[in-house]
1. Return yes when Val290 is touching a residue at least 12 places away in the same chain (Cβ under 8 Å), within 30 Å of Ser143 (Cα to Cα), assigned to a helix (DSSP H, G or I) and β-branched (Val, Ile, Thr) and no when it is not.
2. Would you point out which residue out of Leu327, Leu320, Leu332 is surrounded by 19 or more Cβ atoms within 10 Å (Cβ to Cβ), within 30 Å of Leu34 (Cβ to Cβ) and either among the small types (Gly, Ala, Ser) or within 19 Å of the chain's Cα centre (by Cα) (or both)?
3. When Tyr177 is evaluated against the numbered criteria (1) buried (at least 21 other Cβ atoms within 10 Å of the Cβ); (2) closer than 21 Å to Leu327 by Cβ; (3) out of contact with any strand residue (DSSP E or B) (no Cβ under 7 Å at 6 or more places or on another chain), which criterion, by number, is the only one it fails?
4. If you take the residues in region 393-404 that are of a type in the set (A, V, I, L, M) and surrounded by 15 or more Cβ atoms within 10 Å (Cβ to Cβ), which one is farthest from Ile139 (Cα to Cα)?
5. Looking only at region 127-157, count every residue that is among the β-branched types (Val, Ile, Thr) and either in contact with a Pro (Cβ under 8 Å, 6 or more places away or on another chain) or more than 17 Å from Leu322 (Cα to Cα) (or both) and tell me the total.
6. Quick check, is Leu299 in contact with a Ser or Thr (Cβ under 7 Å, 6 or more places away or on another chain) and either surrounded by 13 or more Cβ atoms within 10 Å (Cβ to Cβ) or modelled with pLDDT under 95 (or both)?
7. Kindly indicate whether Val178 is of a type outside the set (Gly, Ala, Ser) and touching a Leu at 6+ places or on another chain (Cβ under 9 Å).
8. Could you pull out the residue among Ala248, Ala309, Ala229, Ala220 that is of a type in the set (Gly, Ala, Ser), out of contact with any Phe, Trp or Tyr (no Cβ under 7 Å at 6 or more places or on another chain) and modelled with pLDDT of 85 or more?
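The values are calculated or read from the model by the stated rules, or taken from the named source; none is laboratory data. In this text, all values refer to a predicted model and were calculated from it rather than measured experimentally. Using ideal geometry, Cβ is built from the backbone for each residue, glycine included, and neighbour counts are taken over all protein chains shown.
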Amino acid sequence: MTSAAFVDARDEDSERDLADEGSRLGLIWRALSLAAIVGLAVLYFLPAWWVSLKAPNYPEHTFPVGIRIHFHVDGVRNGCEVRASREVTEKEALDCVHEMDTINHFVGMYPIASGGPVEKAFSPFLFAFLGVLLVGFVIPRASVRLIVMGAGFAAIAAWMTLAAHGSGGVAYVSHGYVHGLITSLGADDEKAADENLHPIVRQLKESLAKSGIGTDAPAAKVSKMASKAELINVLRDTYEHDQLRVPASEKKEWTGSLMQVFAWHYEKSLGRWFNQPEKNNRLVTIMQVVARIVFGAVLAAMLVFLFLARDDRSPLFWALVLAPMILPAAFLAEYSGWLWWYGHSLNEMGAFTLKPFMPTVFGQGKVAQFTTLSYPHIGFGLMMAVAILLFVAALVRRREMRGM
C-alpha cells in the first residue's frame with residue numbers, strides 16, 4: 001500500500017469514527033429531550049410546592065401535617081388527609097384551603113385563590129407551548145421542524161382562543177383548574193366541611209355569618225369525582241345567582257368563556273372577606289389587562305420562536321431549549337412574587353394589624369403564633385429533573401455539532 005493510500009484509509013476510518021460518535025451523541029440528546037417532554041407533561045398534574053401552618057390550636061396528634069395546602073401550576077389543592085385519632089373521627093379530609101383562608105383573613109390577607117389568577121388560567125397553553133419548543137429542538141431538519149412547530153403553535157392558538165373567548169371556553173382547560181375555582185369559593189359540601197372545622201374556626205365562621213360577612217350563594221355538594229361538565233354547571237349556577245344582585249343595566253349573560261369566568265372568580269375571591277368593590281374592581285381590571293397582554297404575548301412568542309427555529313447553527317436557536325430549562329427559576333420567581341404581594345397587600349379590614357412582611361418562601365418561618373413551613377413538592381423535583389435533562393441534552397448536542 002502506498003503512503004497516499006494509507007493516509008486516505010486512515011482519513012476514512014477517522015470520518016467513520018466521527019460519524020459513529022455523532023450518531024451515538026444524536027441518540028443520547030434526543031432521548032434526553034424526549035424524556036424531558038414526558039416529564040414536562042407529567043409535572044403539570046403534580047403538586048409543585050407545599051405550605052403548612054402549625055400552632056398550639058392545632059396539636060400534632062390531631063393535625064400531624066398542620067394546616068397544609070399544595071400548589072399546582074393550575075391551582076391550589078387541599079394537602080390535608082383524613083385524620084385517624086381518638087379525638088377526631090372524619091369521613092373525609094379537612095379542607096385546609098378553607099381553613100388557611102379563614103386564618104389568614106384575620107390579619108388582612110386575601111384568599112389564596114386571589115393569587116396568580118392569570119398564570120393558573122393560561123397554564124395549559126403555556127405548558128403546551130414549551131412542549132412544542134422541545135419537539136422543535138428534537139427535529140433535525142429545518143423544513144420539518146418549522147412545519148411541525150407551526151402546526152403545534154396553530155393548534156395551541158386555536159385552543160387558547162376558543163377557551164379564552166369562545167362560548168363555554170372554560171371547558172377547554174384542566175379539570176383541576178375548574179374544581180379549584182369551585183372549592184376556593186366554598187361551593188362544595190359546606191355542611192361536611194363545617195363538621196370538620198376546628199371548633200375555634202367554626203365559632204369564628206359562625207360569628208362572621210351573623211354579621212353578614214362571607215355569606216354567598218347556597219353551597220352545592222361537589223364530589224371530587226365530579227365530571228368537568230358537572231363542575232361547570234355549579235360555576236354557572238353560582239354566577240347566575242350573583243347576577244340576581246346586579247342592577248338590570250349591568251347584568252351579563254353567562255358565556256362560560258375563560259376570560260369571563262376568571263375575571264368574575266377573581267372579583268369574587270377578593271370580595272369574599274373584604275367587601276370593598278371600588279378597590280377590588282381596580283385589581284380585577286388590572287388582571288384583565290394582564291390576561292390580554294399574556295394572550296397576545298403567547299401569540300407573538302410563537303412567531304418569534306418560529307423565526308429562531310429556522311437555523312440550528314444560530315446561537316439564537318438554543319432559546320428553544322433554554323425557555324423550558326428555566327422553568328424552575330420562573331416558578332420560584334412567580335411564587336415569591338405572589339407571596340410578597342400577599343404580605344404587602346394586607347387589608348385594613350383584618351381583625352388584627354400586622355406590618356407588611358415577606359412570607360417564607362423556603363424553610364420555616366413565624367407569623368404571630370403560627371409556624372409556617374414552605375418546601376418543594378414532587379412536581380418541583382420533576383421540574384428540576386427536566387431542567388437537568390435539557391441542560392445535558394444541550395451540551396451533548398453542542399458536542400455533536402462541533403464534531404460534524
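1. Considered against the rule, which asks whether it is touching a residue at least 12 places away in the same chain (Cβ under 8 Å), within 30 Å of Ser143 (Cα to Cα), assigned to a helix (DSSP H, G or I) and β-branched (Val, Ile, Thr), Val290 comes out as no.
2. Being surrounded by 19 or more Cβ atoms within 10 Å (Cβ to Cβ), within 30 Å of Leu34 (Cβ to Cβ) and either among the small types (Gly, Ala, Ser) or within 19 Å of the chain's Cα centre (by Cα) (or both) holds for just one of Leu327, Leu320, Leu332, which is Leu327.
3. Going through the list (1) buried (at least 21 other Cβ atoms within 10 Å of the Cβ); (2) closer than 21 Å to Leu327 by Cβ; (3) out of contact with any strand residue (DSSP E or B) (no Cβ under 7 Å at 6 or more places or on another chain), Tyr177 breaks only (3).
4. The residue in question is Val396.
5. Final tally of qualifying residues: 4.
6. On the way: in contact with a Ser or Thr (Cβ under 7 Å, 6 or more places away or on another chain): no; either surrounded by 13 or more Cβ atoms within 10 Å (Cβ to Cβ) or modelled with pLDDT under 95 (or both): yes.
No: the conditions fail for Leu299.
7. Judged against the criteria, Val178 is a match.
8. Ala229
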